[in-house]
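First up is the structure itself, then whatever we jot down about it.
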Amino acid sequence: MKLANKVALITGAGAGMGLAAALMFAGEGAAVAAVDINQSSAAETASRIAARGGRAAGIRADVSMAADIKEMFARTVKEFGRLDIVYNNAAIIEEQTQLSEFDDDDFDRVIAVNLRGVYLGMKYALPHLIAAGGGSIINTGSIAGFTSFRGTPAYTAAKAGVVALTKVAGLQWAKYNIRVNAICPGPVFTPMAEGIHRRMTGRQLRPNSKMPMSASGRMAMPEEIARVALFLASDDSSYINATPITVDGGC
Ligand SMILES: NC(=O)c1ccc[n+]([C@@H]2O[C@H](COP(=O)([O-])OP(=O)(O)OC[C@H]3O[C@@H](n4cnc5c(N)ncnc54)[C@H](O)[C@@H]3O)[C@@H](O)[C@H]2O)c1
């Protein structure tokens, strides 16, 4: 078991990559705080873990709110006694929009969830990770933050910011035995990708749908990202810090 006796908190754990990571981390022995803005999906993830004999708590939090973030860490430590791994994975994406026509409030909301949420998720994790003697923080970027997409200005800017924040925190907190890395996925078969696909094409996305933008011609499945998260969460990646890791099949 790669995460025996560890406690992991995962945001956006009610669906997609966060759900896949929650199940995988628990299967590797971690107690998991499954956090989501959607209370029922957080609870559902926790009960799926419990049904497999694992330890989990479903916690509702909006990652853009500092009070929610502080509370989710406090509840996790109260329930499981410590905190070792934080996976700041939750995010939203705007509809494809020209920058010139973008609604200002929508811009603020995407930045608040996708960038401020990661900032808060690192900042308020710090005292708990120091108390545990160190740990691993994993943030979710996107290839959008490197290559840019024409239609999603706030999402793209936030994801570039996540990589920058990851590097700063990784350098500042190495002295505490805390590693901070980012996963930057390409297209992954999740509810987020399904929503984008449906809006753009009017058709339902399928796991085997062709991805012309991907060199491999396919999307990743969420478990293919979760395996990288597990690697970054575990001591297998003990000398990897302040690094964005692209997982995109060679897009
Ligand atoms: N799916 C892709 O193709 C893709 C590609 C690159 C990067 N990403 C990134 O990967 C991460 C996971 O994406 P996904 O595709 O699994 O998304 P998803 O939409 O399928 O799931 C995201 C989860 O986050 C939760 N959430 C949304 N806003 C929240 C908030 N304010 N506070 C707490 N929880 C919130 C949702 O309720 C949902 O359960 C995101 O950071 C996303 O930007 C996704």
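Residue exposure proxy: Glu95, Glu224, Glu101, ordered by other Cβ atoms within 10 angstrom of their Cβ from fewest to most, comes out as Glu101, Glu95, Glu224.
In a DSSP loop and with at most 13 other Cβ atoms within 10 Å, the trypsin sites (Lys or Arg not before Pro) in the range 127-228 are Arg150, Arg203, Lys210. Highest mobility in the GNM of the chain, judged by mean-square fluctuation with C-alpha springs under 10 Å and restricted to Thr140, Thr97, Thr76, is found for Thr97. In the calculated pair-distance distribution of the range 78-162, the portion above 16 angstrom amounts to 55 percent of the Cα-Cα pairs. The Rg/Rh ratio for the range 127-176, using Cα coordinates for both the radius of gyration and the Kirkwood hydrodynamic radius, is 1.14.
Note on the chain: Cα-only Rg and Dmax are 17.0, 51 Å. Counting beta carbons within 10 Å around each of Phe73, Phe231 and listing the fewest first gives the order Phe231, Phe73. Between helix 16-27 and the chain, what is the angle of the helix's C-alpha long axis to the longest principal axis, kept within 0 to 90° and rounded to the nearest 10? That works out to roughly 30 degrees. In straight-distance terms, cross-link reach from Lys210 covers every one of the lysines whose alpha-carbon lies under 29 Å from its own, apart from those fewer than eight places away in the same chain; here that gives Lys159. Sorted fewest first by neighbouring Cβ atoms within 10 angstrom, Met221, Met72, Met1 come out as Met1, Met221, Met72. Kirkwood Rh over alpha-carbon pairs of the range 42-123, then Stokes-Einstein at 20 °C and 1.002 mPa s: what D in µm² s⁻¹, rounded to an integer? This corresponds to a translational diffusion coefficient of 147 µm²/s.
Simple point charges give the picture: +1 on the Cβ of Lys and Arg, -1 on the Cβ of Asp and Glu, and for the range 7-245 a dipole about the Cα centre of about 500 debye. Out of the range 27-83, which trypsin sites (Lys or Arg not before Pro) are coil in DSSP terms and have no more than 12 other C-beta atoms within 10 Å? Filter output for the range 27-83: Arg52.
Every pair of different Cα atoms in the range 154-199 enters the Kirkwood calculation, which places the hydrodynamic radius at 12.6 Å. Helix 39-51 and the longest principal axis of the C-alpha atoms of the chain enclose an angle of approximately 60°. For the chain, the longest principal axis of the Cα atoms and the long axis of helix 153-173 meet at an angle of about 30 degrees.
Values in this text are rule-based calculations from the coordinates and carry no lab data. Note that the structure is a prediction, hence the values are computed from the model and not measured. Cβ atoms come from the backbone with ideal geometry, glycine included; neighbour counts cover every protein chain shown.
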